[in-house]
Amino acid sequence: MTKKTGNLILIGMIAGAIAGVLGGLYIGDFFLNIKFIGTIFLNALKMVVVPLIVASMIVGVTSLGNISKLGKTTGKTLLYYLVTTGFSVIIGLILVNIIKPGIGVESFGAYVPEIVAESQQKTLIDVIVGLIPSNIIEAAAEGGVLPLIVFSLLFGGVLTTIGEKGKPVIAFFEGLNAAIMKLVTIIIYFAPIGVMALIGGIVAENRGSVNELVSGLAFYTLTVIIGLLVHALIILPIILHIFTGRKPVDYFLGMGQALATAFTTASSSATLPITMECTEINNKVDPKASSFVLPLGATINMDGTALYEAVAALFIAQIYGIDLSVGSQIVIFLTATLASIGAAGIPHAGTVTMVFVLTAVGLPLEGIGLIWAIDWFLDRCRTTVNVWGDSVGAAVIEKTKEFRS
Ligand code: ASP
């Protein structure tokens, strides 16, 4: 795809999003009828996620060429994720303490949303055990991205150690990877119409809760959004520039299609194919780095989600008049970071793992019911920041010693 076509598609996606919002508000019924077009677009993205993760990670790992490099790269990548997520939580905590959006808001109508009540919160041990899938096909079918990543890392790692016998297998995955990326390029052509239909449908479905954005939850929404903007437009660009020397504005524009898709789908995993395309093709990040950093990031690096969870927890505490000590806020800092790592890259996952944060500091789970009405909107905003954080990570890790040599 040429740069010009890419730009046209991006403009189409933005126009599609605006048309979707207006159409969803004013001719909602029509958009409810054409929502299926958006579902087709979403399914097409999800369709390529599993083969893409397996093929690109295996190609990425084998191209490192040396298993000891893999350990170092993984360590540095995880460090980048933890540090940037930590920054975002701190921004959220500072803002929510200054703005205090929950003071004076009624706790009327609090309840535990179904999706939260039905979720079985996993302990840390469950998460660790789940990293090794007992059945790789089942894990893939259930959309379990993390077990697939672990399998691909191990598989790619050993492929480099078996000499000649490994070469045709590596060549197979290289071919598979190239073919999947070609499919992704084709899917992107349908993005403008897909975005319009998805946004139109979601706005039409949530027309009733739009009032919430401007009523009791307005300051809360504003706090989350200001925090996300500070992190996305100040902190991450500074990190990008310091470590890579790249121009943040150009890099941001290069990621445009992926960011618009993240906003539309509220899913880092579904966006992953487009994130990879934008990072590698538009921003020319070495695929060796991105094919490794991006799949991992889509499931465990969620700066936006961590910030959101910290703000939401304190907002709920403020509504219930519970004064949280500095100690409790440190617990929120740690648990929000962990809960964002544990959240899957799918819609509302962060709201479900928030149970972990609320329980840790003794806040009522019913508080989630107070913010549920606008989660459809804030989920999109935080997912966009999650994807932006991943893409900055790919450029930063590309500059590490392991990839330069
Ligand atoms: N929807 C988010 C994502 O896919 C996760 C969340 O709910 O915060 O990145």
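Could you name every one of the helices (runs of 4 or more DSSP H) located completely within segment 98-183 that has at least 3 residues being open to solvent by less than 70 Å² (accessible area, probe 1.4 Å) and closer than 24 Å to Thr62 by Cα? It would help to see each step written out before you state the result.
Values: elements: 114-118, 124-130, 136-141, 145-159.
Per the criteria, 136-141, 145-159.
Does segment 306-346 hold any residues that are within 12 Å of the ligand (Cβ to nearest atom) and either open to solvent by 20 Å² or more (accessible area, probe 1.4 Å) or farther than 17 Å from Gly367 by Cβ (or both), and which are they?
Residues satisfying the conditions are Ala306, Leu307, Ser340, Ile341, Gly342, Ala343, Ala344, Gly345, Ile346.
Test each condition in (1) free of Cβ contacts under 8 Å to residues at least 60 places away in the same chain; (2) farther than 25 Å from Val49 by Cβ for Val112 and report the one that comes out false.
(1)
Kindly indicate whether any position in segment 242-264 is without any contact (Cβ under 8 Å) to a residue 40 or more places away in the chain and touching a helix residue (DSSP H, G or I) at 6+ places or on another chain (Cβ under 7 Å).
Looking through segment 242-264, at least one residue is without any contact (Cβ under 8 Å) to a residue 40 or more places away in the chain and touching a helix residue (DSSP H, G or I) at 6+ places or on another chain (Cβ under 7 Å).
Please state which one of Thr359, Thr384 is within 10 Å of the ligand (Cβ to nearest atom) and either surrounded by fewer than 23 Cβ atoms within 10 Å (Cβ to Cβ) or under 23 Å from Met255 (Cβ atoms) (or both). Give the derivation first.
Details: Thr359 fails: within 10 Å of the ligand (Cβ to nearest atom).
Going through Thr359, Thr384 in turn, the sole match is Thr384.
In this structure, does Phe36 turn out to be part of a helix (DSSP H, G or I) and exposed (fewer than 14 other Cβ atoms within 10 Å of the Cβ)? It would help to see each step written out before you state the result.
Numbers: part of a helix (DSSP H, G or I): yes; exposed (fewer than 14 other Cβ atoms within 10 Å of the Cβ): yes.
So Phe36 passes the test.
Quick one: in segment 263-305, which of the residues that are in a helix (DSSP H, G or I) and touching a Pro at 6+ places or on another chain (Cβ under 7 Å) is nearest to the ligand (Cβ to nearest atom)?
The initial filter retains those residues of segment 263-305 that are in a helix (DSSP H, G or I), namely 263-265, 268-282, 287-300, 303-305.
Filter again for touching a Pro at 6+ places or on another chain (Cβ under 7 Å), leaving 272, 280.
On the way: Leu272: 10, Glu280: 20 Å.
Looking at residues that are in a helix (DSSP H, G or I) and touching a Pro at 6+ places or on another chain (Cβ under 7 Å), I get Leu272.
The values are calculated or read from the model by the stated rules, or taken from the named source; none is laboratory data. As the structure is a prediction and not an experimental result, all values here were calculated from the model. Reconstructed Cβ throughout: ideal geometry from the backbone, glycine too, with neighbour counts over all protein chains shown. In case anyone asks, the SASA skips ligands and DNA or RNA and just uses the protein heavy atoms, side chains included. Shrake-Rupley method; radii C 1.70, N 1.55, O 1.52, S 1.80 Å.
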